[in-house]
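Quick note: the coordinates plus some simple rules give every number you see, no bench work behind them. None of the values given here were measured: they were computed from a predicted structure. With ideal geometry, Cβ positions are generated from the backbone for all residues, glycine too; neighbour counts draw on all protein chains shown.
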Amino acid sequence: MRIISSRLFVCLSMLLACLAATAQTQVFTVKFPADADLAGWKVLVDPLNPGVKSDALEMKAAGNTFSCDVTPSAIGIYEVVCIKDQTQIFANVYSDKAENMVVPVRMDGKNLLADNNENNKALTAFGRISKESNMRLWSNSSGDAEYAKALLMSIQTRTDSVLNVHKCSPDVEKYIRIGAYVSTYNAYISLPRVLKCSPKNMPFKASEVMARPETILDSPIASLFPLTPSLIASFMPKEKPLKEQIGWLYGNFKCREIVDDVASSAIGKYIARFNYAENYDAGLAEIKELTETYSLSDKYLKTFIANKATVKGNPFPTDVVFKDAAGNVKTIEEFKGKYVYIDMWASWCVPCRKEIPHLQRLEKELQNPDVVFLSISVDAKPEPWKKAMTDLNLHGNQWHDTNSKLAKALNVRGIPFFIIYDKEGKLYMYDAPRPSHPQLKNYLEGLK
């Protein structure tokens, strides 16, 4: 019980702040100088709330001010975006309710500046550091590795100087420190292109220019940065089994928001790349253990089990009902004794329609009587499917999956998708070549 409480306590204060912030909306305003030329500019704002995804809101112009109703940011930080033609200017600004949510700003070239309080002075200064560091990194035409290393290390030291000069609120200081850390990582993963080397031949390691991620990112505020999950994942012991990777994650991070994001990415990749044909039982046991140990969502276990359908030799799903254009019920049993090349498509799918001429030509030219072709539509309703059959002059075995159960049963995540079943109705090839593949005809001719 003590362990669970310690994990939740870290995020509890932030959660309560978010709940308080969502209780009511408030008018947020940015005010430009009276002589500012604002013709043609559109201004949007996005209140930054950890753990909450939101879209930027367009603000209404009134003279030199732009305003709109917002759910106040729990940490007092708002991303403001100014757009005109092909130009976009971003800035993070701070405001709290005591300041009536009005932030004086001004444009300076391609920068949006706010300096009405210590928090905004710090945010503006950090914005300059991040932008300047990025420009200097990409101007390193000589490919000097030592220069690049010093530049990356300077992001943190310069940020420390800013925070020593400007006394910020704890949330703003945390946001800026995390921002500096993420900026350093972003610069580091850009180095292969800057230094013209492969990622495996980097002249120095990330650990030489960055602190351990758990010392900086174990906070709900880190969830505001899209790079956070991949950054943490880059420090995970990838050479170790998944169990040890997830153990490292839970052993080093306490904030559940961060842990859930990173764990979801790591487990998702494991499930997608797993060899189900050879190691299904062992993998299933591992996913079950992780789910129970760390109280994970059962979605990972369900996805893993569903993926068993991709293993060669599995029988065709039994609870799927098809109908032809006349409304007759159809089953795969009709083709017993034949190999069945199945095309899963939809009338609205452009890549699917592009494959149809290749499929029609293949059906006409194939000389193997042991192979039949079956097209199965996953359209939500039969009318668009029937119209497409007329428009495209489709013939042969054309069925409709009335409830899209086949795609779910076979864990199909995109169409067009092609599968081959053998003469006994068992899976022969999952994710088979498309009709446009130059070697498919020879492959099908060889099936006996």
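One table, with the values for the structure above:
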| quantity | calculated |
| --- | --- |
| Residue with peak Gaussian network fluctuation, the chain [Cα springs, cutoff 10 Å], from ASN140, ASN116, ASN328 | ASN328 |
| The range 290-319: trypsin sites (Lys or Arg not before Pro) in DSSP loop, at most 13 other beta carbons within 10 Å | LYS312 |
| ALA282-ALA98 pseudo-label distance in nm [points 7 Å out on the Cα-to-Cβ vector] | 6.0 |
| Cα convex hull volume per residue for the range 117-159 (Å³) | 42 |
| Nearest-0.05 FRET efficiency for GLU333 and ASN201, computed from C-beta distance (R0 51 Å) | 0.35 |
| Kirkwood-type radius of the range 123-235, with distances r between different C-alpha atoms, in Å | 14.5 |
| Two-site FRET efficiency, HIS395 against GLN439, from Cβ-Cβ distance with R₀ of 30 Å, rounded to 0.05 | 0.75 |
| Length added when fully stretched, ARG106-ILE83, from 0.36 nm per residue minus Cα-Cα | 6.9 nm |
| Nearest 10 degrees, 0 to 90: helix 276-293 Cα axis against the chain principal axis | 40 |
| Separation between Cα centres of the range 278-305 and the range 193-263, rounded to whole Å | 23 |
| Distance between modelled label sites at LYS53 and PHE90, nm, 7 Å Cα→Cβ extension | 1.7 |
| Surface/4 of the Cα convex hull for the range 86-150, nm² | 6.1 |
| Tilt relative to the chain, helix 2-21 - C-alpha long axis, 0 to 90 degrees, to 10 | 70 |
| Convex hull per residue volume in Å³, alpha carbons only, for the range 294-448 | 126 |
| Contour minus Cα-Cα distance for LYS323 and LYS423 (0.36 nm per residue) | 33.8 nm |
